[in-house]
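Read-outs: derived from the displayed coordinates by stated rules, not from any lab. Keep in mind the model is a prediction, meaning the values are calculated, not measured. Cβ: placed from backbone, ideal geometry, glycine included. Neighbour counts: every protein chain shown.
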Amino acid sequence: MAGKRKAKRTTTPREDLSKPSKWRLQHGGFDEAARGTDPDTGTPILHRRAVDSLGVLLANGSITPQMHEAGEIFRAVFQRAALDRVRTMPMIRIPGGRADLLSESQTVARERVARAMTHLGGFGSPSGSIAWYVLGLENSVRDWALRQGWNGRAVTPAIAHGILLGTLGILTAHYGLAPPARAAVCATTSALRDDAAAKSAQPQ
């Protein structure tokens, strides 16, 4: 008499709760995880937040549609250049390495990013840094202010916000979306308006 076959035990793979689910990733990316502590249990945890700094700024009237478009262009070219895999800014220049590892479109995209970074004052400038980390890598403005800042020195979120507005103004002119003078006026006006709003919100 043949013995009964044991039914195979099916195991459902456990979901890695430390990472965003596949469903959630369909609705936007996340910034780098920030370490924290659960206030109730004291257990170390990772915070991940969806970041769309440009969308928020456009929605609240802090930037013009042209400034928003300039930021989106930089981000798209940055991703096409496969620089979103580079977590730190190159110290010297973007184009480099072995040419056979890059496609022609990636090489052209990296050259475009390099020209934009030069227009922003280079990698060591505040505009270059915030463009790389916030527009390119899509970190939040607050995280950039606290972790990167200007040459590694933390700055206040308000100052970082002003730097981002100025950066978008420069990119607007760089991509030919507005004359340089007009782009500068738009960026300055946006920064002054937001600064006045922040001061009025402070308790007297």
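Quick notes on this structure:
- Kirkwood hydrodynamic radius over Cα pairs of segment 103-154, then Stokes diffusion coefficient at 25 °C and 0.890 mPa s, in µm²/s: 215 µm²/s
- By average C-beta atoms within 10 angstrom, highest first, the peptides 63-74, 111-122: 63-74, 111-122
- When each of the peptides 163-169, 143-149 is scored by how many other beta carbons lie within 10 Å of its residues on average, the order from highest to lowest is 163-169, 143-149.
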